[in-house]
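Engineer: Attaching a single structure in structure tokens format; questions to follow.
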Amino acid sequence: MVAAHPADDGEALLDWNESPIGPPPLAVKRVLGAVERLHRYPRGLMEEVTELAAGHFGVRTDEVLLTAGVDEAVDMTLSLAVRAWGLRPGFDGYPDRAVANGKPFHAIPLNANWRPVELFPGQLGATDIVYLAQPGNPTGDLLAGAWIQEVRQAVSYVFIDETYQEFSSWPGILTSVGGPRPGLLVYRSFSKAAGLAGIRLGCLIADSGTISRLEPLRRFMPIDAVSLNAGAGLLEDPMFMVRLVDYVREGRSELHEMLRASGLFAEVRGSETNFLLARPAEETRAEVAATLSEDHIRVKDCTAVGLPGWLRVSVGSPADHLRLRRSLTRARSRAELAQP
């Protein structure tokens, strides 16, 4: 709904859904220190980061597989099943990767309240894998633990994408079930709460037998030296994630109140992620779209992910929020002038 345009006033374009407090300082230090070694393969770095990640997530090193982001994790895990399933509306990466890998993808629809419909006997089978984001993407909601357990009992593999877990009240599936379990695949991201959206690095956690089965599918040195050094620096300074999560949770409340108080939105939904969803009122939709575009405020139109009429607005820096507040004020004035 709102297109991004190059800033013409010398001000940087807002990059929503990224770290509002910048990158982890130790990650930057590690990357800068590795610059003069970029002519060499990152020997030993995969093992170092794997060990650091295992310690961070409280699992064994043979239960961890580093991946070049969620796409590679999905590609590898699709090899475990004949069919793939996922929620719709939902993250479009799952069906896209299923099609790319020649696997059929079937939707589990959400109802009007953005809750998954009840499963019926025989809908899911032993040769299936189900991809679930927890918290949800794009809804920002949490799935009920009992529903996830029902799905786990119906299929051989369930992939839980916990990209936004740190921002939520969800303790994480590994905490809930007491660690890696057969048939459970957990993806943890380094892009959101880790503040490293500019690198391609993720962590797939599963029982050691499943990791052993998937590891041969990984390409030769699939993760570059810059990403590995950044990940190592982050994991050496876990307090950065604590600071970022605390900032986002506080900023999320501020953002919710700002959007609600603007009078431009028919509905603003709470979220367990670093973004909120807001639906402009019919009578203000055009003014919101035009003003945000003119002011170079980047938000995501959720039509493409199955939520037409909704905008995703992420928590930003104090300067970002100030720009957004001013833009919303302009949009409100324009909407009032447009009224007959």
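The values are calculated or read from the model by the stated rules, or taken from the named source; none is laboratory data. Because the structure is predicted, anything quoted here is derived from the model rather than measured. Quick reminder, even Gly has a Cβ in these numbers, built from the backbone with ideal geometry, and neighbours come from all protein chains shown.
Engineer: Counting residues that are in contact (Cβ under 8 Å) with a residue 12 or more places away in the chain and among the hydroxyl-bearing types (Ser, Thr, Tyr), which helices (runs of 4 or more DSSP H) fully inside the stretch 223-310 reach at least 3?
Structural biologist: Working: elements: 225-235, 239-261, 285-294.
Helices (runs of 4 or more DSSP H) meeting the threshold: none at all.
Engineer: Could we say that Arg330 is at pLDDT 95 or above and among the charged types (D, E, K, R) here? Even if it seems obvious, please write down each step before you answer.
Structural biologist: Working: at pLDDT 95 or above: yes; among the charged types (D, E, K, R): yes.
Considered against the rule, which asks whether it is at pLDDT 95 or above and among the charged types (D, E, K, R), Arg330 comes out as yes.
Engineer: Name every residue in the stretch 203-222 that is part of a loop (DSSP other than H, G, I, E, B) and aliphatic (A, V, I, L, M), in order of residue number.
Structural biologist: If the condition is that a residue be part of a loop (DSSP other than H, G, I, E, B) and aliphatic (A, V, I, L, M), then Ala206, Met221 are the ones that fit.
Engineer: Of the conditions (1) part of a loop (DSSP other than H, G, I, E, B); (2) under 22 Å from Gly136 (Cβ atoms); (3) in contact with a helix residue (DSSP H, G or I) (Cβ under 7 Å, 6 or more places away or on another chain); (4) charged (D, E, K, R), Arg200 fails just one. Which one is it?
Structural biologist: Going through (1) part of a loop (DSSP other than H, G, I, E, B); (2) under 22 Å from Gly136 (Cβ atoms); (3) in contact with a helix residue (DSSP H, G or I) (Cβ under 7 Å, 6 or more places away or on another chain); (4) charged (D, E, K, R) one by one, Arg200 breaks only (2).
Engineer: Could you check the stretch 42-110 for strands (runs of 3 or more DSSP E) lying wholly inside it with 3 or more residues that are crowded, with 19+ Cβ neighbours inside 10 Å and in contact (Cβ under 8 Å) with a residue 60 or more places away in the chain?
Structural biologist: Values: elements: 64-67, 83-88, 105-109.
The strands (runs of 3 or more DSSP E) meeting that bar are 64-67.
Engineer: On to the next question. Taking the stretch 164-173, which residues are in contact (Cβ under 8 Å) with a residue 24 or more places away in the chain and over 26 Å from Val82 (Cβ atoms)?
Structural biologist: Within the stretch 164-173, Tyr164, Gln165, Glu166, Phe167, Ser168, Ser169, Trp170 meet the criteria.
Engineer: Going by the conditions given, is Phe167 touching a helix residue (DSSP H, G or I) at 6+ places or on another chain (Cβ under 9 Å), under 30 Å from Met239 (Cα atoms) and modelled with pLDDT under 95? Give the derivation first.
Structural biologist: Numbers: touching a helix residue (DSSP H, G or I) at 6+ places or on another chain (Cβ under 9 Å): yes; under 30 Å from Met239 (Cα atoms): yes; modelled with pLDDT under 95: no.
No; evaluated as a whole, the condition is false for this residue.
Engineer: Kindly indicate the residue of the stretch 153-173 that is among the aromatic types (Phe, Trp, Tyr) and under 11 Å from the mean Cα position of the chain (by Cα) and also surrounded by the fewest Cβ atoms within 10 Å (Cβ to Cβ) among those meeting that condition.
Structural biologist: Step one: of the stretch 153-173, the residues among the aromatic types (Phe, Trp, Tyr) are 157, 159, 164, 167, 170.
Filter again for under 11 Å from the mean Cα position of the chain (by Cα), leaving 164, 167.
On the way: Tyr164: 25, Phe167: 22.
Here the residue is Phe167.
Engineer: Output the number of residues of the stretch 131-152 satisfying the condition of being of a type in the set (A, V, I, L, M, F, W, C), farther than 24 Å from Ala193 by Cβ and crowded, with 17+ Cβ neighbours inside 10 Å.
Structural biologist: 1
Engineer: Go through the stretch 67-95 and give me each residue that's acidic (Asp, Glu) and either on the phi > 0 side of the Ramachandran plot or under 16 Å from the mean Cα position of the chain (by Cα) (or both). Step through it out loud before you land on a result.
Structural biologist: Restricting attention to the stretch 67-95, the residues satisfying the condition of being acidic (Asp, Glu) are 71-72, 75, 92.
Correct list: Asp71, Glu72, Asp92.
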